[in-house]
1. Please list, ordered by first then second residue, the pairs with beta carbon atoms under 6 Å, 6 or more apart or interchain, first in region 146-168 and farther than 16 Å from Asp257 by Cα, second polar (S, T, N, Q) and surrounded by fewer than 17 Cβ atoms within 10 Å (Cβ to Cβ).
2. Which one of the conditions (1) basic (Lys, Arg); (2) part of a loop (DSSP other than H, G, I, E, B); (3) in contact with a helix residue (DSSP H, G or I) (Cβ under 7 Å, 6 or more places away or on another chain) does Lys296 fail to meet, given that it meets all the rest?
3. Of all strands (runs of 3 or more DSSP E) completely enclosed by region 59-136, which ones contain at least 1 residues that are small (Gly, Ala, Ser) and touching a residue at least 40 places away in the same chain (Cβ under 8 Å)?
4. Does region 284-307 include one or more residues that are within 29 Å of the chain's Cα centre (by Cα), surrounded by fewer than 18 Cβ atoms within 10 Å (Cβ to Cβ) and more than 24 Å from Asp219 (Cβ to Cβ)?
5. Which one of these is modelled with pLDDT of 95 or more and surrounded by fewer than 19 Cβ atoms within 10 Å (Cβ to Cβ): Gln77, Gln97?
6. Restricting to region 1-32, name every residue that is at pLDDT below 90, touching a Gly at 6+ places or on another chain (Cβ under 9 Å) and closer than 15 Å to Val88 by Cα.
Amino acid sequence: MAEEIPVYLFFGFMDAGKTTLIKETLFQNGFADELDRALLIACEDGDEEYDEDELAKIGVSLVTIEKEEDFNLENLQRISDEYRPEAVFIEYNGTWQVGPIYEMDGPKDWTIVQSLCPVDSTTFEMYMKNMGVMMREQMFKADVVIFNRFEESMPKTKFRANVKGVNRRAQIVYEKADGSIDDAPEELPFDLDQDEIEITDSDYALWFMDCMDHPKKYDGKIVTFTGLVYNPTDKKGRLKDQVFVPGRFAMTCCVEDIQFLGMKCRYEDAKSIAHKSWIKIKAKVKNEFALEYKGKGPVLYPISIEPAEKPADELVYFN
């Protein structure tokens, strides 16, 4: 039986630092030292270039695919058969769709083991605003998103919320210009030291993502916010007992991105709360197991529920 060939994917928009990251992986981190034959498939010509002679010294062959239509199973299988690699590194084009890679059945023995997406921190907000669809395309399947050229003055919490709005499972790394990692705690727009936290409309999206990612630090806290009610049903279309979901519709950067950010709420009289009604809820957060989360997560236990006026802007934002 043939051994699996590990495939490492490098996504990222223009000038994100994909080539630099691959070079560091192969040369500085000594990744290729354990391999006799590796294959690097480059789908983009950036400012940084590869030295084929230097790659050959560590057993890495370079192949270029310039057209998106040539990135197909037949062509990749031909390349694999020709070079017989023990590992494959793919620098994907930042303007191509990511989905086809994961939908492709093969090549034979290829197994995607990790996908990384470097992001230029200095241009991230501009690209998200003007070319958000293309940026999200690169991040939505990445295992790790690396914000390079990061500076302490940059809005780390906003960066993370934008990534998590696209890809909840992604690990996020903030890398400074000197290569060191910024692991300082993220600053939030509300005071976590308070037992009771008032969540404003402008803070809701950031709070929701932070609470879902780090439910332990909200365990026992009391939160107040204005939300839209969603009443979940079972497989037979019946309202679930003692459960409703207050939340808000959030937009990352454009209408196509709108999603409902709701949190499970346990309440004995849940059926009395009208579907799609607006409420102001004050509740205690408990970090506990919930089927909806497929594990532990934040569950709300209401202290008070009052009718609320529909906000002038029903959407909340990651800003």
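1. Between residues of region 146-168 that are farther than 16 Å from Asp257 by Cα and residues that are polar (S, T, N, Q) and surrounded by fewer than 17 Cβ atoms within 10 Å (Cβ to Cβ), the close pairs are Arg149/Thr122.
2. Looking at each condition in turn, Lys296 falls short on (2).
3. Values: elements: 60-64, 87-91, 110-120.
Here the list reads 87-91, 110-120.
4. Scanning region 284-307 turns up no residue that is within 29 Å of the chain's Cα centre (by Cα), surrounded by fewer than 18 Cβ atoms within 10 Å (Cβ to Cβ) and more than 24 Å from Asp219 (Cβ to Cβ).
5. Working: Gln97 fails: modelled with pLDDT of 95 or more.
When all the criteria are applied, what remains is Gln77.
6. Ala32
Yes/no per residue for (1) in contact with a helix residue (DSSP H, G or I) (Cβ under 7 Å, 6 or more places away or on another chain); (2) farther than 26 Å from Arg37 by Cα:
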| position | (1), (2) |
| --- | --- |
| Glu86 | no, no |
| Trp96 | yes, yes |
| Pro107 | yes, no |
| Val119 | no, yes |
| Asn130 | no, yes |
| Met135 | yes, yes |
| Ser153 | no, yes |
| Lys158 | no, yes |
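Residue by residue, here is whether (1) surrounded by fewer than 12 Cβ atoms within 10 Å (Cβ to Cβ); (2) of a type outside the set (Val, Ile, Thr); (3) not in a strand (DSSP E or B) holds:
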site	(1), (2), (3)
Asp183	yes, yes, yes
Pro189	no, yes, yes
Tyr204	no, yes, yes
Phe208	no, yes, yes
Val223	no, no, no
Pro246	no, yes, no
Phe249	no, yes, no
Leu261	no, yes, no
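The values are calculated or read from the model by the stated rules, or taken from the named source; none is laboratory data. Since this is a predicted model, take the numbers as computed values, not measurements. Cβ sites come from the backbone with ideal geometry, for glycine too, and all protein chains shown count toward neighbours.
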